[in-house]
Amino acid sequence: MARKLDSLRAPNFPTQRNCLLAHARRLALFLHLTSHGGVKAAALPALAGPSMCERSRCEPAAQLLALLASDRRQDSPISASLDEALCSPQTGVIPVSVWPEASILPGVSVEVEGPYIDFLRKNAVLLVAPFACVVEARCLDPKSYIHPRSQENVTSCCLLRALLASLLPRSALRDTAGKMTAQKPATSAAEGSPRAARDIVVVFDFGSQVSRLIVRRLRAIGVYSELLACTATVEEVTQARPAAVVLSGGPSSVYEEGAPHIRRDVWNLLLRKKVPVLGICYGMQEIVHLLGGRVVGEGHREFGKTDISLCQLPGEPLLDAAAAAAAAAAAAAAAARDEWPVPAAHAGTPALGDLFYGIEGPQVQVWMSHGDKVENLPSSFSALASTPSCPFVAAASPSLGIYALQFHPEVTHTPCGAALLRNFAQRIARLELTWNMQHFLPEQIQRLKEQVGSAPVVGALSGGVDSTVAAALLHKAIGDSFHGFLIDTGLLRKNEAADTLVALRECFPSLDIECIDASAKFYAALDGVTDPEKKRKIIGALFIEVFEDAVKQKNLNTQGTYLLQGTLYPDVIESKSYKGPSHTIKTHHNVGGLPERMHLQVLEPLRDLFKDEVRVMGRALGLPEERIERHPFPGPGLAVRIIGAITPQRVKVLQEADAIFIQEIVKAGLYSAIGQAFAVLLPECQSVGVMGDGRTYEATCALRAVETSDFMTADWFRMPLDVLAVASSRITNEVRGINRVVYDISSKPPATIEWE
């Protein structure tokens, strides 16, 4: 073995080649290739990184695995030693949660002995560790488990726990008797919550309108994430037990009086626990402010798409063996005390360039939205990227595990944003990517069963994606105890009530659905009202009133009845923020206008989801694709698409124009490519036009179409001119009351998708 290791180059090993040779006699590497497959050098992922630092790190892995894979003889010393090791009472077979890019394939077992716990941590290849054990590496379901072959006398139990803490969710480790066991996860309600068996990223909200979008992006890459106010206490943070945190953007300046700040005791706790931190925009400035750097007013804002220049970074050595062993022992001691341990993979220090790993430079396009800039970085920080007007667009202190970005990786306008967040989650925080709808759906169904019990539930079924999926979810959880009401406010799209009633009865044949025509009540309540906030509140209050009347006619006890609403994350974030709103944009109908002492209890099972997640849930529930892919429609209906006063005549005009626009989009085959499309009727300041031989003074109609995946940000859709031409011609010729059509080409931000 010493002879073979002599040819292995290790330019960046903590102890270098001579140390490897010195430990050759004690280094036992055993590879068992089953009939299910083995390791092949050609099957490894690309190991050559963008820098010499990355290449030098990974080449030993490729060579060593190729060396082991070439020795397949059943009578080889490697296989014989493995057979002997499997019979040892000091050896156990332990589950390993393999990273998606792992280089160990199913059916491979490796026994290792040596001091290098951090050896090749970048590629999730477990080759050496500071104890003797056998590890069976398989692509297991995260909930799968294998009992150790021996429950007694496990060598180096504390260090074994420390290693497993870096590979398994914390909930998979239980050790109350001083011996290593791998137990099947409990199935209690507490264990069934989204946070129970997953690493959690906590996003501290500083008032950004897209704070929850950071949560969404992290979930999209498979990391469970939650939002906390930036004013959260030590107790709240400790209860959340974050494996990593993100500091969001915000509209304030860190140096201004009254600006939001993370509590100093919370910040000290995160530093003491060595929790990886990513600061975004205001979050970067907050980090610099807390650690003694300097933030100043820019003088001019950087807003929109911007090209940044990546800095040339020096290589960094891996953590040395002594430091790795000490960090692992500390993590093991914390685990034994059942404290809040950050994943023990943090025994290894992340590299300076890990955040931008795999992102091609030197120029990278990002989305900026800031008025201040970092003038001086704190000590131990290095610049990662810059622009001509901002020298520190990205910076990091790997020794502290803190990375910071002046731009917004969470918005779709930053093309590399998802890669940046994935690098933070995987390469820096070393988190498992286990969050998905297959986990959330059964958990949510169980929570609804426990919350509702046998109580009746009523809900508004508009036929839109949100209400339909919410109804299907509840129907799955409680069966026929759900009663649906389709309230025709007079503000629906053309023929909406009749079409929706037919579609819902097709989806839910046994569901109790009743259509209520309340259009006259809504028109009367909105008479003369032009302010959009007043419109929303009036509609929200009247909507609940109509609901209560309908429930009473069902002879249901309102004190024990739930009201189902399809509230989503965007609904909530656009209504309020952490402590005093981050610049509230508008009150949403699902959360605004509700009386404080409401007879019906609100049930919002989709409150934690974004629109694309709701569609994924709909497919998982078996709903037809045409219902899932339908464009969103606001709860207040056409009231927020009619600028100014609302009258039955103006509603009819808009219904006709909107129907024509959607017909032409469908005819052109563009409906599924558009996130949302609709028509808007502008105020009654009529424009002059010519029809026939005379002049006309009629209204203007604006057409709006956007592309978006989450509705937190959106870009205007590049509609083919021939489609716009036909739609405009039809509207001005077929809809009496409109003589001019315009197309809205504004994005969100700065505009919202709806006009009101």
Check your understanding: How many residues does region 247-283 hold that are touching a residue at least 60 places away in the same chain (Cβ under 8 Å) and either within 17 Å of A429 (Cβ to Cβ) or touching a helix residue (DSSP H, G or I) at 6+ places or on another chain (Cβ under 6 Å) (or both)?
Key -> 13
Exercise for review: Can you give me the ranges of the helices (runs of 4 or more DSSP H) entirely in region 496-572 with at least 3 residues that are more than 29 Å from F610 (Cβ to Cβ)?
Suggested key: 519-525, 532-553
Review point. Hey, any hits in region 411-428 for a residue that's assigned to a helix (DSSP H, G or I), among the aromatic types (F, W, Y) and in contact with a helix residue (DSSP H, G or I) (Cβ under 7 Å, 6 or more places away or on another chain)?
Key: yes
Check your understanding: Which residues, taken from region 388-410, are in a strand (DSSP E or B), over 20 Å from the mean Cα position of the chain (by Cα) and among the hydroxyl-bearing types (S, T, Y)?
Key -> S397
Practice item. Could you please let me know if T434 is part of a helix (DSSP H, G or I) and either among the β-branched types (V, I, T) or without any contact (Cβ under 8 Å) to a residue 24 or more places away in the chain (or both)? Key: no
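Just to be sure before I move on: is G222 part of a loop (DSSP other than H, G, I, E, B), modelled with pLDDT of 85 or more and either outside the structural domain of V288 (by TED's automatic domain parsing) or out of contact with any Leu (no Cβ under 8 Å at 6 or more places or on another chain) (or both) in the structure I sent?
No; evaluated as a whole, the condition is false for this residue.
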Check your understanding: When you scan region 513-529, how many residues do you find that are surrounded by fewer than 14 Cβ atoms within 10 Å (Cβ to Cβ) and of a type outside the set (A, V, I, L, M, F, W, C)?
Key -> 3
Exercise for review: Residue by residue through region 260-285, note down the ones that are more than 27 Å from V366 (Cβ to Cβ) and either part of a loop (DSSP other than H, G, I, E, B) or of a type outside the set (V, I, T) (or both).
Suggested key: R263, R264, D265, N268, L269, L271, R272, K273, K274
Review point. Of (1) touching a strand residue (DSSP E or B) at 6+ places or on another chain (Cβ under 8 Å); (2) within 19 Å of F381 (Cα to Cα); (3) of a type outside the set (V, I, T); (4) at pLDDT 65 or above, F303 satisfies all except one. Which?
Key: (2)
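The values are calculated or read from the model by the stated rules, or taken from the named source; none is laboratory data. Remember, it's a predicted structure, so these values are computed and weren't measured experimentally. Cβ atoms come from the backbone with ideal geometry, glycine included; neighbour counts cover every protein chain shown.
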